Structures are given as C-alpha cells and as structure tokens.
Number of protein chains: 2
Amino acid sequence: MITVALAKGALLKDSVARFAAAGLDFAGLLEPGNRQLMVPSACGQARALLVRNADVPVYVAYGQAQLGVVGYDVIREHQLPVAQLLDLGFGGCRMSVAVKASSGYRRASDLPAHCRVASKFTGCAQAFFDALDLPVELIHLAGSVELGPITGMSEAIVDLVATGRTLEENGLIAIEDLFHSTARLVGHPLALRLDDGPLQAIVDRIALVATPRGS
Amino acid sequence: MITVALAKGALLKDSVARFAAAGLDFAGLLEPGNRQLMVPSACGQARALLVRNADVPVYVAYGQAQLGVVGYDVIREHQLPVAQLLDLGFGGCRMSVAVKASSGYRRASDLPAHCRVASKFTGCAQAFFDALDLPVELIHLAGSVELGPITGMSEAIVDLVATGRTLEENGLIAIEDLFHSTARLVGHPLALRLDDGPLQAIVDRIALVATPRGS
C-alpha cells in the first residue's frame, strides 16, 4: 500500500490533480464535508494522509508516507531527511524580508545590527542573516507576522509573499527575497531505494504533467 | 494606551466578555467580517491585538501588550517571562497522554523505553517523561496529532483533550494527565511594576468576575 502525505490548504487542490493524472484518485479529500485524515484512493491501491503543511516532511521522513507534496519553504525551514523528486510548479511564492513602507530600509543590509526580526520561519531567517553577517534578534511568531512592525515589536519580518496584498494592507513592503518557493514532490529515501517499480512509476507519471517554474 | 493581546479561536468570546466586565469593550473583534488584527476599544482608551494562541505570551513578554489572555498550556510550553495574574476559569481542558485503545498501555509508565511520542507540545511532553525517568523519542507535529498512533508513527501522543470526542473518533484513549489547563490573565512584569493604577484597576475588575476552577 502506497501512502501519500498531502498538505491541507492552498496546495491541496493542485496536489490531488497531479496524483489523479498519475492514476491515483484522492478526490475524496476535496469534498467539503470531509473530516477524514486518512482517505483511500478510488482504486484502493493507495491512501492519502491529510496533514498540516509543516507535518508533510515528518510523515515522509519517518517513512509513514512514501511520497508527499509540500512547499519548498517548509523543506528549507525544517531540514528533515526527505528526497526532493520534482518541482511541481504550483503554489509559487517568495520568502521575503519586509519592512514598514515608511521606514528608510530598502535592502536587508540597511537594517541596523541587533534589530528585531519576527518570522514563522526563524530557521530560514537565521541562515539568511548569518550569510549577510548581520546579527539580528529573531522573534518566533505562529501567525500574523505583519503585526511585528505595526506594533513596533520588530523592525522587519521574514515571511511568505504570494500576491503582496497582506503586506500592502498593513503598510509594509518587501525589500529582499530569500528564495522562491513552489510545491515539491518529496519521497522517503529508503522507500525509493527499495522500490521495485510502483513508486518510480508514480513519480514518472507526475513528472509528465508537472510544470516547473520557468518551463 | 493600554494594549491587550487576545488569542483567536476558542478563548476569544469569553476573553472579550471578561474585559467588557472591566469596562473595556472589544466586541468589534467578534464581528464575523472582522479582518483587523488591532482593534480599539469602544472607549478609545485601549486596544486589542488579535493573535494566535502561541503568540500571546510573545507580545506580552516583549511589552507590546501589557495584558493578555492565553491558555495555561501555552504558558507551560513556551516558558516566556510573563506574570500570571488570574485563573479565568474558562477554556478548561487537560494535557493528556493518549494511546490506541487497542494497545495494552494504561499508564504512561507502561510505555516502552525509547518509544515514539507525537505532540504539538514537545516541551511539556519532554518535561513529563523526564520526570518519569522514561526516555522517549519526541516527534513534533503541527496538527492532527491523533494520526501519529493511527499511522503507526508513534506509540503515544501528548495533546489537549477537551471533550475527548476527537480521541474517541480515532480509536484512542487518554491514559494519564500532565496537567489541567484554563485561560489565564497574564501581564508584562515591568509594566505591572511601573503601573500607577490603571492596569491594576483592570486586573481587579476582571478578578471580580473571574470564576477560577473549583470555586
């Protein structure tokens, strides 16, 4: 039985579509009334786990799922031992440093040393500011990071930016990108190594319909 | 200007009611279409920040809010320097160890050494198993922790249990409680020390309407 970990939320619809193209129908996950976290495919040959974005690499790293779909931002933040197999092209967004539009900062290196930076992605932010050789105090928040600069708690934030609408509504502007993120197909390394065909067949069929960025 | 940090979700309605009894009307937060994260009180003398549960102690610890309402579970997990002022009595739940009902485990000490335990509250879980002198491998999950035992990833979970319905639906049972949790009024220690009356007046008025557990 092949198990696939899929993230709730913005990536789910496209993830289900990619697996459908590979012959695994998880449309049951998309039904509005669905409360089930473990859903068999229509063919009965596979099942999907419906989990939080951050938990997809956990289920794949522990081998509870052989495959998973998750944003590159989560892979970068959590650094778990999963194999990146395909760039699926959807769910595009940028991990950006943003500040108050009214501040004078226009590049990350303009920020004062030891300033405060709020983020849900403190791992990514730490690596970025370390590479810049700029010591900052990171404040981990679970949500609504834009409140950091608004309340004066932090000079800057590091957050995912898709349309930029949330930043604009809160008087913030993105001044520098850490990286671009898209949905990725990931796999359990040992399951892939021991696979005698079926996993690779799914990966190959998804690769045919995947539309990586820039293609 | 007094700023109050309130948690989105299950605690919000009761939190707003307690502050209303103390003369601060934040009913605007409860309007269904509200998208604002910072809402002034009806009297204009105070404002509320609407943030994630885990972020309430952050805003209070950094002094961006002088007061906040948050579950005791979050205070225990995040260990930030905030002053606990009142047990507000609502939002009651237990932090519990749960296992598959079909397993033979009936106490936490029945669990095998080096078993896996999944939790959103790995800090609380680590302290509990350390005190029990039982080494376990903790797996941090962001949500739907009940999938841990269902998929076979973990022998047990540590999670908040309110009605027990989620456990029951997933074939799990709670076997031991770490602690009981209720909503707490917390404050910024320095703001309380420097307060010349207004903060203490709010705390006193909320204390009159607070109904701590067991009273």
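The values are calculated or read from the model by the stated rules, or taken from the named source; none is laboratory data. Quick caveat, the model's predicted, so the values are computed rather than measured. Backbone-built Cβ (ideal geometry, glycine too); neighbour counts: all protein chains shown. For the accessible areas, the whole protein counts, side chains as well, though only heavy atoms, and no ligand, DNA or RNA atoms are used. Shrake-Rupley method; radii C 1.70, N 1.55, O 1.52, S 1.80 Å.
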(request) Under a cut-off of 25 Å between alpha-carbon atoms, report the lysines in cross-link reach of residue A:120, not counting same-chain residues fewer than 8 places apart. (result) A:8, A:13, A:100, B:8, B:120
(message) Taking a point 7 Å out from Cα toward Cβ as the label site, list the nm distances between residue A:109 and the same residue in every other copy, smallest first.
(response) 6.1
(request) Could you work out the equivalent-ellipsoid semi-axes for the protein assembly as shown, taking the square root of 5 times each eigenvalue of the Cα gyration tensor, largest first, in whole Å? (result) 38, 29, 19
(request) Could you state the accessible area per residue of region B:93-215 in Å², with a 1.4 Å probe and every protein chain left in place? (result) 47
(message) Taking the 0 to 90 degree range and rounding to the nearest ten, how far is the long axis of helix B:198-209 tilted relative to the main principal axis of chain B, both from C-alpha atoms?
(response) 60
(message) Using a 7 Å offset from Cα along the direction of the beta-carbon, what are the separations from residue B:1 to the same position in each other copy, nm, ascending?
(response) 5.6
(message) Give me the summed buried accessible area for the A-B pair, 1.4 Å probe, to the nearest 100 Å².
(response) 2600
(message) What Kirkwood Rh does chain B have if only Cα atoms enter the pairwise 1/r average? Answer in Å.
(response) 18.4
(message) Using a 7 Å offset from Cα along the direction of the beta-carbon, what are the separations from residue A:63 to the same position in each other copy, nm, ascending?
(response) 5.2
(message) How big is the dipole moment of region B:93-180 about its Cα centre under a simple scheme where the beta carbon of each Lys and Arg is +1, that of each Asp and Glu is -1, and everything else is neutral? Debye, nearest 20, please.
(response) 120
(message) Using Cα-Cα distances under 8 Å and only pairs 6 or more residues apart, what relative contact order does chain B have, in percent?
(response) 28
(request) Considering the rotation that carries chain A onto chain B, locate the chain A residue whose Cβ comes closest to its axis and report the distance in whole Å. (result) A:142, 5
(request) Note down the nm distance, to one decimal, between modelled labels 7 Å out along Cα→Cβ at residue A:179 and at residue B:130. (result) 3.2
(request) Please give the net charge around residue B:102, taking every other residue with its beta carbon less than 15 angstrom from that of residue B:102, where Lys and Arg add +1 and Asp and Glu add -1. (result) -3
(message) Would any residue of region A:22-51 have its amide N under 13 Å from a label point 7 Å out along Cα→Cβ of residue A:208? List them or say none.
(response) A:22-24
